[in-house]
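> Before anything else, here's the structure in question.
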Amino acid sequence: MASENREKLLFLLRSATPEDMTMSHRIYTDCAATIGELRANPARPIREAGGPVVILNHNRPAFYCVPAEDYEVMMKRLEDFELAEIARARLADGEAAERRA
């Protein structure tokens, strides 16, 4: 399944026009689907990929479809990162660290 999606992504990238190539777009997944495929069956791309899917519009990334579990993990990590940044800033300002029991 992943190799099939990879082949589809490579085909879409190879079929891009010169105008499409003037601006490169980094794609952060191995799986891709087109807007048309998403319209035809919205759940299918995620189900087949088993993970994040980039949705392409005219061979350009339009958005990513991410399974709910992956999204929740991303949000928790982002919150942890933001809290760590706040803690670092406070320590840099000379605030003492507090320990909670």
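> Return the residue satisfying two criteria in turn: it lies in segment 82-101 and is assigned to a loop (DSSP other than H, G, I, E, B) and open to solvent by 90 Å² or more (accessible area, probe 1.4 Å), and of such residues it is modelled with the lowest pLDDT. Break it down stepwise before answering.
Of segment 82-101, the ones assigned to a loop (DSSP other than H, G, I, E, B) are 93-101.
If we keep only those that are open to solvent by 90 Å² or more (accessible area, probe 1.4 Å) too, we end up with 93, 95, 98-101.
Numbers: D93: 87, E95: 70, E98: 67, R99: 65, R100: 65, A101: 59.
The extreme case among them is A101.
> What tally of residues in segment 36-64 results from selecting those that are open to solvent by 50 Å² or more (accessible area, probe 1.4 Å), of a type in the set (S, T, N, Q) and not in a strand (DSSP E or B)?
Residues in segment 36-64 being open to solvent by 50 Å² or more (accessible area, probe 1.4 Å), of a type in the set (S, T, N, Q) and not in a strand (DSSP E or B): 1 in total.
The values are calculated or read from the model by the stated rules, or taken from the named source; none is laboratory data. Keep in mind the model is a prediction, meaning the values are calculated, not measured. Ligands, DNA and RNA are excluded from the accessible area calculation, which covers all protein heavy atoms including side chains. Shrake-Rupley method; radii C 1.70, N 1.55, O 1.52, S 1.80 Å.
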